[in-house]
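Note sheet for the following structure.
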Amino acid sequence: MDQLGARPVEARGLVKHYGDIAAVNGVDLTVEAGDVYGYLGPNGAGKTTSLRMLLGLIRPSGGSARLFGRDPMLDGAKALQGVAGFVESPRFYPYMSGRKNLELLAGLDGGGAKGRIDEALDTVDLSDRAKDRVGGYSHGMRQRLGIAGALIRDPRLLLLDEPTTGLDPAGMRDMRTLVRRLADGGMTVLLSSHLMGEVEELCDRVAIIRSGQIVFEGAMADLRSQATDDSAYRLRTSNDEWAYTVCLAQVGVTQLVAVGGELRFRAPEPVAGRLSVALVEAGLEILALAPQNATLEDLFFRMTEGDPTPAQVAS
Amino acid sequence: MTTAGTASVYRWEIRKLIAQKRTYLGLGIAVLMPLIFVVALSLHAGQPNDVAFGRYVRDSGLAIPLVMLIFGSIWLFPLVTALVAGDIFAAEDHNGTLKTILTRSVDRGQIFAAKALATATYTTLALALMGTVAVVAGGIASGFNPLTTLSGTRVSVGEGLLLVVASLGVYLIPLLAVASIGLLLSTITRNSAAAVVGTLMVALILQLITILPGLESLRPYLLPSQFDAWQGLLRDPIDWSPIIRAAWVCAAYGLPCLGGAYLVFLRRDVTGG
């Protein structure tokens, strides 16, 4: 039994040093029961290292990680009760069939795991290929077998490390549908990804990691509200060349660029108001002047790489 | 750590060994070695007079496995043992499957114990196979006749067979010490080839030391010398001193290696894969 009311995942001040390099530096994560939690960051940000520490595969240099109140470093396999998943791509014995691999894992798990193999293979749509050697499986099939290996543990918490990496678009769609289905069934999911769109589609809470440190943790809705950026504008006029000159002359307008038949710039709201008057006084017809909402992707770039360049905004 | 959990992991370690070609390579060597010897003996006149029991190989098939023990001690049996001992942890690293099994309901200690036991099982099986094939092939070639011991007394076929089995048992002691060295290198190097070759190199270097002049006083305490301990059983009366020495000398080599491997495996970070 886990500790009463303990959260599925609770990491506090998690640190992992490799020599002088801090791969993870003071990470706090809190995953509540029922969350579909996105752990988002660019490659090399420290996501996989964090997940390895959560699963007890590597020893933290500092801080603590608890799964349902248990520390994997202190409680060993007991800390993984009710927990399943994989880090990086799931790995199996290539000289055994998919089913044999699952039987092996079920043998290590004990309990009723063996009885769940058929159902798990069905869930990931691998029943037909279960007798084939894993050495002949495609990357996508191995990913799905990884999920099946997790499901036979009948977990309450599923940890998935970039489950769609390396999959073709159809494979990505199927994997996301599967994760959504499992989450809808009440499973708590912690999913790492470097794809903002994937996290936006699947998750209700998110932590963004950059260079080993958390730069945002909260609800997806809170992240979306931060994405709206009132200081960026898009402008279309009857004469963009002349409008460009007017904009340049307007004090307070910055980052002015002409992109795809329109102008984009940053300015405080009062400056944008004065600019509209100036444009009209210059004899220009304003076809469109609207605040430009940054996408979550823009926000992600800004959080993980610093302010986006004009080119990034334009794209 | 529960015994049932360890037993479950052990069963799967055995199944994994059964599914791997490397296992059959080692067992194949153990089977072929006496067969090649017996065929060579049948095709050519004479016998290996310079090794113990060499002069009796045409008198009794029971002498064949004993000669095989002497021939095999230099590098063959260390190689057969190293093939699995050096691979059993390193292969999990290479395949990336260590993380797969370490995120299930078994502790690292259970996995280590099961892998060490599976290695010992394989080593025992390889030796038993060699002994069985050597006795059968030798019996067919030279006859199931009474065996002449190192003291010159002749023992019946039944007693000779018992002595052969007991000799194999004593021979297993230094082999398990070699296996422990292989397990240590397998956990430290995380590379099958390095661990297998490394184990063999350690065995060969120790072998070299035994023949260096001026180191005679060290010889009884070197691992390769313990491969001759079984010969004490073939004396009349039985000389237990080399067997007892083999037990503690091999423990002195094997247990620190096994303990070291255990600690490394228990504390190591599982990265990669």
(request) Please work out the FRET efficiency for the pair B:Val51 and A:Asp168, using the Cβ-Cβ distance as r and a Förster radius of 51 Å; give the result to the nearest 0.05. (result) 0.20
(message) At 0.36 nm per residue, and after removing the present C-alpha to C-alpha distance, how many nm does the segment from B:Leu43 to B:Ala194 gain when stretched out fully?
(response) 50.5 nm
(message) When the expected Rg is taken as 2.2 N^0.38 Å, what fraction or multiple of it is the alpha-carbon Rg of segment B:67-138?
(response) 1.41
(request) Heavy atoms only, probe 1.4 Å: what % of the accessible area of segment B:157-273 goes to carbon and sulfur, would you let me know? (result) 73
(request) Measure out, as a whole number of angstrom, how far apart the alpha-carbon centroids of segment B:245-271 and segment A:156-213 sit. (result) 42
(request) Sort all Cα-Cα distances of segment B:97-153 into consecutive 10 angstrom bins from zero, then give the percent of pairs in each bin up to the one containing the longest distance. (result) 18, 25, 21, 15, 13, 8
(request) Mind ranking A:Leu151, B:Leu162 by accessible surface for me, highest first, 1.4 Å probe? (result) B:Leu162, A:Leu151
(request) Tell me the label-point distance for the pair B:Ile36, B:Ala19, using the 7 Å Cα-to-Cβ offset, in nm and rounded to one decimal. (result) 3.1
(request) Take the alpha carbon atoms of segment A:41-70, find their center, do the same for segment A:237-261, and report the distance between the two centers in whole angstrom. (result) 48
(request) Find which of B:Gly214, A:Gln255, A:Val206 sits farthest along the positive direction of the dipole of the protein assembly as shown, computed with +1 on the beta-carbon of Lys and Arg, -1 on that of Asp and Glu, about the Cα centre. (result) B:Gly214
(request) Per DSSP H run of at least 4 residues, take -39500 (n - 2.57); add these up for chain A, divide by its residues and hand me the 222 nm value, nearest 500 deg cm²/dmol. (result) -10500 deg cm²/dmol
(message) How much accessible area per residue does chain A have, counting only protein heavy atoms and a probe of 1.4 Å, in square angstrom?
(response) 44
(message) Once each part is reduced to its C-alpha centroid, what is the distance from segment B:28-51 to segment B:101-158 in angstrom?
(response) 19
(request) Send over the Kirkwood Rh of chain B, from the inverse of the averaged 1/r over different Cα pairs, rounded to one decimal Å. (result) 19.5
(message) Averaged across A:105-112, how many Cβ atoms of other chains sit within 10 Å of each residue's Cβ atom?
(response) 5
(request) Give a residue-ordered list of calculated ³J(HN,Hα) values for segment B:239-251 (Karplus: 6.51 cos²θ - 1.76 cosθ + 1.60, θ = phi - 60°; whole Hz; x for Gly, Pro). (result) 9, 7, 4, x, 6, 5, 5, 4, 4, 7, 5, 5, 5
(message) Are there any residues in segment B:100-141 with a reduction of at least 10 Å² in accessible surface when going from the isolated chain to the assembly of protein chains? Probe 1.4 Å, please list them by number.
(response) B:Thr100, B:Ile101, B:Leu102, B:Thr103, B:Arg104, B:Ser105, B:Val106, B:Asp107, B:Arg108
(message) Restricting to DSSP H runs of at least four residues, report the calculated mean residue ellipticity at 222 nm for chain B, -39500 (n - 2.57) per run over all residues, nearest 500 deg cm²/dmol.
(response) -23000 deg cm²/dmol
(request) Kindly identify the protein assembly as shown as rounded, prolate or oblate by the Cα gyration tensor criterion: order the square roots of the eigenvalues as a ≥ b ≥ c, call it rounded if a/c is under 1.5, otherwise compare a/b with b/c, prolate if a/b is larger, else oblate. (result) prolate
(request) From zero up to wherever the largest Cα-Cα distance of segment B:117-196 sits, split into 5 Å bins and tell me the percent of pairs in each. (result) 3, 13, 18, 18, 14, 11, 9, 6, 5, 2, 0
(request) May I ask for the net charge around A:Val253, where only other residues with Cβ less than 14 Å from the Cβ of A:Val253 are counted and Lys, Arg are +1 while Asp, Glu are -1? (result) +3
(message) Under the 0.36 nm per residue contour assumption, what length would be gained going from the current alpha-carbon distance of A:Glu281 and A:Tyr95 to full extension?
(response) 59.2 nm
(request) Let me know the charge dipole size of chain B about its Cα centre in debye, to the nearest 20, where only the beta-carbon of Lys, Arg (+1) and Asp, Glu (-1) is charged. (result) 660
(request) Rounded to whole Hz and in sequence order, give me ³J(HN,Hα) for segment A:266-283 from the Karplus expression 6.51 cos²θ - 1.76 cosθ + 1.60, θ = phi - 60°, writing x for Gly and Pro. (result) 10, 6, x, 4, x, 5, 4, x, 5, 5, 5, 5, 4, 5, 5, 4, 7, x
(message) Would any residue of segment A:154-197 have its amide N under 18 Å from a label point 7 Å out along Cα→Cβ of A:Asp125? List them or say none.
(response) A:163-184
(request) Nearest 100 Å² is fine: how much accessible area is buried between B and A, summed over both sides, with a 1.4 Å probe? (result) 2700
(request) Would you mind checking which residues have amide H under 5 Å from A:Ser97's amide H? H placed 1.01 Å from N; only 5 or more apart, or other chain. (result) A:Val134
(request) Determine the relative contact order of chain B: mean sequence separation of Cα pairs under 8 Å and six or more apart, normalised by residue count, in whole percent. (result) 26
(message) 7 Å from Cα along Cα→Cβ at both A:Ala6 and B:Thr124: what's the point-to-point distance in nm?
(response) 3.9
(request) Looking at the protein assembly as shown, send over the antiparallel percent of its DSSP beta bridges, to the nearest 5. (result) 65
(message) Given R₀ = 22 Å, what would the calculated FRET efficiency be for B:Phe71 paired with B:Asn95, taking r from the Cβ atoms and rounding to 0.05?
(response) 0.05
(request) Report the FRET efficiency, 1/(1 + (r/R0)^6), for A:Glu32 and A:Arg236, where r is their Cβ-Cβ distance and R0 is 41 Å, rounded to 0.05. (result) 0.35
(message) From Cα pairs below 8 angstrom and at least 6 apart in sequence, can you work out the relative contact order of chain A, rounded to a whole percent?
(response) 19
(request) List the residues whose amide H sits under 5 Å from the amide H of A:Lys16, counting only those 5 or more places along or on another chain, with H placed 1.01 Å from N in the peptide plane. (result) A:Ala23, A:Val24, A:Asn25, A:Gly26, A:Ser61
(message) Rounded to the nearest percent, how much of the accessible area of segment A:143-208 (1.4 Å probe, protein heavy atoms only) is carbon and sulfur?
(response) 50
(request) Any chance you could list the semi-axes, whole Å, largest first, of the equivalent ellipsoid that the Cα gyration tensor gives for segment A:132-229, using √(5λ)? (result) 27, 15, 13
(request) Just need the relative contact order of segment B:1-135 here, percent rounded to a whole number, with Cα pairs under 8 Å and 6+ apart. (result) 46
(message) So for segment A:70-194, considering every pair of alpha-carbon atoms, how many percent are separated by more than 26 Å?
(response) 15
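The values are calculated or read from the model by the stated rules, or taken from the named source; none is laboratory data. Please read all numbers here as calculations on a predicted model, not as lab measurements. All Cβ positions, glycine included, derive from the backbone under ideal geometry; neighbour counts span all protein chains shown. Accessible surface areas use protein heavy atoms only, side chains included; no ligands, DNA or RNA. Shrake-Rupley method; radii C 1.70, N 1.55, O 1.52, S 1.80 Å.
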